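Everything on this sheet refers to the single structure shown next.
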Amino acid sequence: GDTMLEAEGRRSKRLLEILYLGTKSGSDGDENTLQSIVREMIQTKLGSSIRPSDIPSSCFSFETFHRFVAIISSRAMVLKGVKHLTPLAEMINYKSKETYLHEMDPKNDDERCDTKAKWIPTPFDLYHTLSDDNSITVRSDRDVFADVSSIDHFKADGNAVIHLYEDYGPVDSSLFLQAHGFVPDENPHHCAIVPKSLLLPNEKSGDSSHQKNARHLFQALKTLKLVYPGAEVFDGIEDVCVKQNLEITEDGSTVGRKPASDSIAIATLLLDDNAVALETEGDSFPSWSVLKQYCINAINSGDVERIEIRCARYPGSDKLVRGVLRKAARALIREDDSGIEMVIDSGNDSKMDQLRSQLLEAREHGKEQLAIALQFRIEERKILVSVANSREIPHDDNRLDQSMMHLRSNETELDESILEFKAFVETFGLPVNKIEPKVVGNGIRIGAFATEFLNVGDAYISLPPTAVIGVDTALAHASKTSPDLEFLLRQYSKQQRDGFNVLLLFLLHERFVLGKKSVWWPYLNLLPKVSDLRDFHPLFFSEQEIDKYLAGSDVRKYIYRYQQGASERHKAIASDIFAAQVLGGDVLFDKNKFYWACAILDGRSIWWEGERHIVPLLDLVNADGNGKVHETYLEALDSDPSQKVAVTRASRAVNPGEQVFENYAQPNYVLFTHHGFILEDNPDDCALLEGLFVHRNDPGAADVHRLRSLLRSTTPTFCIRAEESVLQLGHFLRAKYALPTNGMDGEVRQHMSNVLTERIARLTETLDIIASDDSTMARHQFMRRIVQRDLMHFQYALHHFVQGPQNDTTKG
């Protein structure tokens, strides 16, 4: 309320006064104060001809100092860690870039309706740059159009005045209030404080089980490093700042890491027996008591991963956290007024009407400070009311049938796109082409089918450089169509050997900037759209979905790292001002479009000569686990040996009209993460095993030279399947625990048994928990199958290679 804001303002001013004057009562002459330094600076500037007594005392007063601190705080730009006053540029007012992007008309209407665009925050220093000569360049962070809608007013001479705005960065409105002296009407980064007292259920006096669970809670929080490591007693969880969309600021942006939400989820599970009734009614989750027992068992096991998935990331934990936030928001509104039932039930907020009326009155009477305080209260209340009124959107986990109907309804459209694409392929004049695209159905979309009999080793396609999209092709194409694009691509071609970023930028430009004007459009139009990828590609999956179906599998964090890598790549490229100019903000800052390009490159790239390529037609060949491993080679043309083409040969015999397949030779967790599917009969499948490392207190860490001679990595990754992979695990554990370097004695077997048993326990619990889940969505079925196969691999390794007889003691 106003009292809180006034107290905070007075406290801030008093601290500044102490800093300037030196003591609470003021020092007035103390040589060690800022005031004395200011006095000396002024005297030095004026020279000895001016006596100190002739300098007006107002020059040294705290009020003068306070005024200029306020000017610098509100107007200075911070570039490379230094504040700069920039006349004229400092007069550009604030308006969120995200708000602007949502208001503008999209360039690609067909994709916009699919993407549910989520914009990444625009860094302030992207459009405000400090040069080597200390000059500052300020660029517009949005397009400004000279149309009627953008005119602010007309001058007396009839000329229109267009008001310029810019985004000051992803900051909370409290900073605008404190440093700039205003509160924006629309700030997507603003949040409302929810005190920790409202995030925990009330303790029942004398309840021994509550106290016991509180100890479990504290242990879990310490294990997951969600409280101060040196804490000895539980002092509650921290306050949080919640946004209008129920995101918590303190959760940060690291994929798979939500410290505030995790803390609330653990506390709610262990301390609130009635919480399940708030938000999970009707969901196919195990009973509340079962979930709690799983959590307690995990805490007792000391397994960090198990504690995270059972205590913080259990099914429905995200809904429970949102339920706690709603309940807390209602409590805060109830404290502020008595109209909570009216606010929640009818949507009529008389308190908000009262605040807005007071704001208008304050502005009419020139009470600007009161007006700013009221504006802050209004914006905070808008968030709390929005949170309190929010409702869970039911998840339709049976969209597979709907997706299949959608695919069938679009088969005619696909057929038309295929005809256009086939005509496009004809223009390349491929030396060899014995395949053609057709609709496959059953959720697979399109495949490549043989047009004539193929024997093993027969070349079924050969591609000249002009028929593929590689770094050289992209640069050559850009040189003819867009000098700016060519310059951008050449800059990125110097940074990476694999050409990922070059091809990514080229795809974004051709698909979303040029669209149908691109010469590659017949191919781009055949690719999965953003909406298609959202249905099957893990890059677009929510953490809640991954946590539910992959809990206990190391594939869970493997996908998290993949998502985090894409996010970091996006932020890095989005900070390139020239990339923003070439692609436009509505393309570069749209996470869904950027992730679309990442997924296309990861899922469809074909390699030869150590370089990545996007290959129309060849990339329509689907995968299975049979035959030789897919390879594409450069070969000389028979008709012209000086010319080389990329050739792919059949790995098996194929009859005319049959679908052509290739063997990717990858385990299912790689296929799923980068392509969005798994193979039921996959000879290269295995169970991913990660998370092991050599701790500084491990016996093996005492002899660093020995450790380095034994291990390539102290944080290895294993693919558990056959005996060799199990022996590799044993070799690492022998080095970690400083055991004899050869053999499978009882001690190393015990360590191996502990590792495998730990994972078997996690996976078994997951399958028990999701047993009642009836989702028929393909991606859910794939993740469930990964967990089942992981469990099978670990159990087989434990029973046949660790606990079973092991005669060969020399391997590894």
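Relative to one another, the C-alpha centroids of segment 497-521 and segment 530-585 are positioned 19 Å apart.
Considered as an equivalent ellipsoid built on the Cα gyration tensor, segment 516-564 has semi-axes of 31, 10, 7 Å, the largest given first.
Taking the Cα centroid of segment 674-697 and of segment 437-471, what is the distance between the two, rounded to the nearest whole Å? Answer, in whole Å: 30. Ligands, DNA and RNA are left out, and with a 1.4 angstrom probe the accessible area of the chain is 50 Å² per residue. For segment 509-606, with all protein chains in place and a probe radius of 1.4 Å, 51% of the accessible heavy-atom surface sits on carbon or sulfur.
Taking the inverse of the mean 1/r over every pair of distinct Cα atoms in segment 414-503 gives a Kirkwood hydrodynamic radius of 15.7 Å.
Give me the percent of Cα-Cα pairs in segment 177-231 that sit more than 18 Å apart, rounded to a whole number.
Working: 900 of 1485 pairs.
Summing the P(r) of segment 177-231 above 18 Å gives 61 percent of all pairs.
Relative to the longest principal axis of the Cα atoms of the chain, helix 723-736 runs at roughly 40 degrees. In this structure, the residue pairs whose Cα-Cα separation is over 21 Å, taken from 196/222; 480/516; 222/292; 258/571; 557/736, are 557/736.
log10 I(q)/I(0), Debye, Cα-only segment 547-605, no solvent, q = 0.14, 0.28, 0.29 Å⁻¹? Calculated log10 I(q)/I(0) at the listed q: -0.48, -1.12, -1.15.
The spacing between segment 360-391 and segment 744-799, judged by their C-alpha centroids, is 53 Å. Once divided by 2.2 N^0.38 Å, the Cα radius of gyration of segment 483-605 becomes 1.11.
Just round it to a whole percent: the fraction of Cα-Cα distances in segment 521-676 exceeding 23 Å.
Values: 6206 of 12090 pairs.
Counting every Cα pair in segment 521-676, those more than 23 Å apart make up 51 percent.
Using bins of 20 Å that start at zero, the share of Cα-Cα pairs per bin across the chain amounts to 12, 37, 36, 13, 2, 0, in whole %.
In order along segment 787-800, the Karplus-derived 3J(HN,Hα) couplings, from 6.51 cos²θ - 1.76 cosθ + 1.60 at θ = phi - 60°, round to 4, 4, 5, 4, 4, 4, 5, 5, 5, 5, 4, 5, 7, 9 Hz, and Gly and Pro are given as x. Only protein heavy atoms count here; under a 1.4 Å probe, residue 719 has an accessible surface of about 50 Å². Its DSSP H runs of at least 4 residues, each contributing -39,500 (n - 2.57), put the calculated 222 nm mean residue ellipticity of the chain at -14000 deg cm²/dmol, to the nearest 500.
The values are calculated or read from the model by the stated rules, or taken from the named source; none is laboratory data. These figures come from a predicted structure and were not determined experimentally. Note: accessible area is taken over every heavy atom of the protein model, side chains too, but ligands, DNA and RNA are not part of it. Shrake-Rupley method; radii C 1.70, N 1.55, O 1.52, S 1.80 Å.
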